[in-house]
1. For the stretch 163-185, give me each residue that is closer than 17 Å to Asn200 by Cβ, open to solvent by 40 Å² or more (accessible area, probe 1.4 Å) and outside any strand (DSSP E or B).
2. Looking for whichever is in contact with a Lys or Arg (Cβ under 9 Å, 6 or more places away or on another chain), farther than 22 Å from Met210 by Cα and not in a loop (DSSP other than H, G, I, E, B) here; the options are Leu68, Leu94. Which one fits?
3. Here is a check on your reading of the model: is Glu143 at pLDDT 95 or above, closer than 26 Å to Asp22 by Cβ, part of a helix (DSSP H, G or I) and open to solvent by 20 Å² or more (accessible area, probe 1.4 Å)?
4. If we keep just the residues of the stretch 96-113 that are under 15 Å from Thr132 (Cα atoms) and buried (at least 18 other Cβ atoms within 10 Å of the Cβ), which is nearest to the chain's Cα centre (by Cα)?
5. Considering only residues that are among the charged types (D, E, K, R) and modelled with pLDDT under 95, which ones fall in the stretch 183-216?
6. Can you tell me how many residues in the stretch 186-209 are among the small types (Gly, Ala, Ser), open to solvent by 40 Å² or more (accessible area, probe 1.4 Å) and without any contact (Cβ under 8 Å) to a residue 24 or more places away in the chain?
7. For residues in the stretch 150-159 being over 10 Å from Leu201 (Cβ atoms) and aliphatic (A, V, I, L, M), which is surrounded by the fewest Cβ atoms within 10 Å (Cβ to Cβ)?
8. For the stretch 93-130, how many residues meet the condition of being in contact with a His (Cβ under 7 Å, 6 or more places away or on another chain) and without any contact (Cβ under 8 Å) to a residue 60 or more places away in the chain?
Amino acid sequence: MSIGVQNRGRRIRTATVTSVRDVNRSILLNLIRLEQPISRAELSERTGMFRSNVSFIVEELLQDGMLLEERPLHSGRGRVPTHLRLNDDAYPVLGVYIQPSRVRVVHAGLQGRLKQRWLFDMVQEPGYFVLTLGRVIEKIRQELGINHFKRLGIAFPGLVNAETGQIIWSPELPQFSGYSLGEQVERHTGISTRVDNDSNLGALSELRFMESEQPRLPLNFVFLSIGE
């Protein structure tokens, strides 16, 4: 149940116990991704969360299969801390990068590393494109032995309503303008689908890579996407 207040006719949603836990869950998952292997005590120290809260969220993630526990070799005295790692196979996802002449499909896991790629010719008619993508995904499912992918992300060259997955306008693929791409792909594949502008997603990807490679992120940076 969410709580809202009225402010000059506009409803403002405030945080709930569930939403705070979801944020903390995301923070812990990202920290584990960057620092693994890492212990519960280190997670509490790095984030400032109470150890009891960290343990509760970690136990949930272990039950969901998203984390793995390991005990490092220890020859000294004292209790050996249990370290945590992401279970990369627990959350299979697909990424689709649409370009005017071709489409790239990639498979990744919870750690975000690309595992495999596929390529097919772009189909200009939106409805037929969805059918073609659906057939490609079915072949990928059979090839990898994965019955269900958790998420499907689509990078599209044009203006996109990221909330609805609708293509607002595309100079390179004008037939898709006004087309509810996210809704149609999700309906056809059964995979929860999000769509956004390709440059937006490219910038986000670069930010994630920088986050894992350097201690401090830049306050500003520019991402350029030029042609195909």
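The values are calculated or read from the model by the stated rules, or taken from the named source; none is laboratory data. Here the structure is a predicted model, which means the values were calculated and not measured. Ideal geometry is used to build each Cβ from the backbone, glycine not excepted, and the neighbour counts take in all protein chains shown. Just the protein is used for accessible areas: all its heavy atoms, side chains included, with ligands, DNA and RNA removed. Shrake-Rupley method; radii C 1.70, N 1.55, O 1.52, S 1.80 Å.
1. Glu163, Thr164, Pro171, Glu172
2. Leu68
3. Taking the combined requirement at face value, the residue does not satisfy it.
4. Only one residue fits best here, namely Val96.
5. Correct list: Glu206, Arg208, Glu211, Glu213, Arg216.
6. Result for the stretch 186-209: 1.
7. Per the stated criteria, the residue is Leu159.
8. Of the residues in the stretch 93-130, 3 are in contact with a His (Cβ under 7 Å, 6 or more places away or on another chain) and without any contact (Cβ under 8 Å) to a residue 60 or more places away in the chain.
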